[in-house]
Amino acid sequence: MCGEMVMRKAPFLSLALMLIGGAAQAQGPALRIAVGGAFTSMDPHYHTLTPNNAMNKHVFDRLVDTDENFRLRPGLAESWAPVGDTAWEFKLRRNVLWHDGAPFTAADVVATFARVPEVRNSPGSFVLYIRSVQRLEVVDDHTIRLHTAAPFPLMPNLMSGLPITSRKALPATDTAEFNSGRAAIGTGPYRLVSYSPGSQAVFTRNPDWYGAPQPWSRVDYRVIPNDGARIAALRAGDVDVIDTVPTRDVETLRAIPNLAIASKPGLRNIFLYLDHAREHPPGVSGPNGEALANNPLRDNRVREALSVAINRPAIARQVMSGLATPSGQFLAAGVMGHDPQTTAPAFDMARAQKLLAEAGYPNGFRIVLAGPNNRYINDEQVLQAVAQMWSRIGVKADVQAMPSNVYFARSARDEFPVGLSGWGTSSGEPDSPMVALIASKDPARGRGTSNRSGYSSAEFDGLLDRALETIDPAAREEFYRQATRVAMRDHAIIPLHHQVNVWASRRAVKVIARNDEETYAMSMSPAE
């Protein structure tokens, strides 16, 4: 492919065939990971997509790191603390080296902040992580202050989502510079050897990393989007770990003696966005394909009808094999900002039909229902299930499932009236989905960067603003809850379920399951 590094592929040994010989043992074993979700770029600021973030984390560190339960811990910053009401001070690690040997300093953080808004053609901008920073103050080479216009309690949380890039590799804003490997210089635990967009990345251990020594000398990180092929590769010993295990295969794999399962309830909400901003979006027509005078999705009664026509418990039980929880909001129960008053909408076909009739669509309509077929667990099956349920109320959905890289690019161009997507949280709070998915579009403030529905509500925006400026956690949570009620009342999106994250591995590898569903070598070690 154009611009990518070219190298001869070397065979990787299975952990079952541990490397023999003193030199080889000193080098350590190699690890082969196969992921189901395709990554789209080696550019760490190109697309806020979990497969990208996980793959890039081998190379690029953040100021703040997170553990498997999404608790914050030091990254490139050793510590952080508020300074007054409108600034956060981060103390940076000393003696950290970039992969090219240059020292890491506060100037690299400044260069990273400057680059993020300049990334071209981003399907999901990282501006949402820096949106509240009004000014950067370099106190010294290892101290930096982030100034905000108002109190902002979530600054450390957001810094856990922003990869830091080398000032020497910048001002290379062209994503191709990272995909070629020329600008892919990080401070992370692994160095990039080669990268093939959407296919494979190969890393080698960084002996100068500041963190705990990594056990893997080499990591082969590849995409196998087909579930059956990914499982077959694991069973055949061609790879050591796979993620996004189809729910129907979990118990079968668990029964195989040389395989192990690791799982954890996830933060990701699977949902549908509906275009209720444009008067005539593509892919919407009358029951017989005729043009409609208005976009039915602009009527909240229609959006509610589509929501209550979905039998979420049936999807969780039958499509997800019980490894999902029906959802009616952004985050699952037990997570900061979850609203106990907002429950998953009850399945009610009679009400759905009544609402459609009241809105002027007694015979339903036709609509394109799009989504990925290799990104979320059972994503295409979920699309098909929703389409079947909608058909019972007269809404004929044309399911268009496609590879995630194609889908997200087309979705960013607003080519679909309804689309399946998923979103977790970069902070452990609902600020991320609220800011990116629901807030009124305001690029200058980093708001609505992934708002595909076109939803805009002054009431919601006001509550979100108050939440993001409230230091007291209990008071902030109440604003989140009020904002959730407004957005779900308006059916800004249609939540479906929260996933359970599942990995399978050869027993020679121990996998630490993560609730953010990120898959990388740093969460894996040789089994004892």
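Bear in mind these aren't lab numbers, they're just calculated from the coordinates by the rules spelled out. Everything quoted here is computed from the prediction, not taken from an experiment. Cβ: placed from backbone, ideal geometry, glycine included. Neighbour counts: every protein chain shown.
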Once the Cβ-Cβ distance between ALA293 and ALA346 is put in as r, and R0 is 35 Å, what FRET efficiency do you end up with, to the nearest 0.05?
0.65
When each of LYS57/LYS264; LYS57/LYS168; LYS91/LYS510; LYS354/LYS441 is checked by Cα-Cα distance, pairs over 26 Å:
LYS91/LYS510; LYS354/LYS441
Based solely on its DSSP helices, what 222 nm [θ] is calculated for the chain when runs of n ≥ 4 H residues each add -39,500 (n - 2.57) and the sum is averaged over all residues, nearest 500 deg cm²/dmol?
-6500 deg cm²/dmol
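Could you tell me how many cubic angstrom of Cα convex hull volume the range 96-206 has per residue? Working shown, then result.
Working: hull volume 12.8 nm³, N = 111.
Dividing the Cα hull volume of the range 96-206 by its residues yields 115 Å³.
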From the Cα gyration tensor of the range 370-528, with a ≥ b ≥ c the square roots of its eigenvalues, which class applies: rounded if a/c is under 1.5, or else prolate if a/b is larger than b/c, or else oblate?
oblate
Rounding to the nearest 10 and keeping the result within 0 to 90°, find how far the Cα-based axis of helix 379-391 lies from the longest principal axis of the chain.
0 degrees
Can you run phi through the Karplus equation (6.51, -1.76, 1.60; θ = phi - 60°) for the range 416-427 and list ³J(HN,Hα) in whole Hz, with x for Gly and Pro?
10, x, 9, x, 8, 8, x, 8, x, 8, 8, 10
In nm, the gap between the two label points placed 7 Å beyond Cα toward Cβ at ALA149 and SER285 is 4.6 nm
DSSP beta bridges in the range 15-223: the antiparallel percent, rounded to 5, is 80 percent
Just to check, using Stokes-Einstein with a Kirkwood Rh over alpha carbon pairs, what's the diffusion coefficient of the range 412-472 at 25 °C and 0.890 mPa s in µm²/s?
199 µm²/s
If the label point is 7 Å along Cα→Cβ of LYS91, which residues in the range 127-150 have backbone nitrogen under 15 Å from it?
139-145
Whole Å is fine, so just give me how far the alpha carbon centre of the range 175-215 lies from that of the range 70-138.
19 Å
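If each residue's Cβ is checked for other Cβ atoms within 10 Å, how do GLU429, GLU358, GLU279, GLU469 rank with the fewest at the top? Before the final figure, lay out the partial values.
On the way: GLU429 24, GLU358 13, GLU279 9, GLU469 18.
Ascending Cβ contact count within 10 Å gives the list GLU279, GLU358, GLU469, GLU429.
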Burial ordering of HIS147, HIS497, fewest other beta-carbon atoms within 10 Å first:
HIS147, HIS497
Going out from 0 in 10 Å bins, what whole percent of all Cα-Cα distances in the chain drops into each bin?
4, 19, 28, 26, 16, 6, 1, 0
Under 5 Å from the placed amide H of LEU92, counting only residues 5+ away or on other chains, we find GLU78, THR143, ILE144
May I ask for the angle, rounded to the nearest 10°, between helix 106-115 and the longest principal axis of the chain, with both axes built from Cα atoms and the value confined to 0 to 90°?
40 degrees
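Compute the Rg to Rh ratio over the range 172-297 from the alpha carbon atoms, using the Kirkwood formula for Rh, and round to two decimal places. The partial results should precede the final answer.
Working: Rg = 22.3 Å, Rh = 19.5 Å.
My calculation puts Rg/Rh at 1.14.
Can you give the net charge of the other residues whose Cβ lies under 12 Å from the Cβ of SER411, counting K and R as +1 and D and E as -1? Write out the running numbers ahead of the final one.
On the way: positive: ARG375, ARG410, ARG413, ARG452; negative: ASP275, ASP414, GLU415.
Spelling it out: positives minus negatives among the neighbours equals +1.
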In 10 Å bins starting at zero, report the fraction of Cα pairs in the range 15-223 per bin as a rounded %.
8, 34, 36, 16, 5, 1
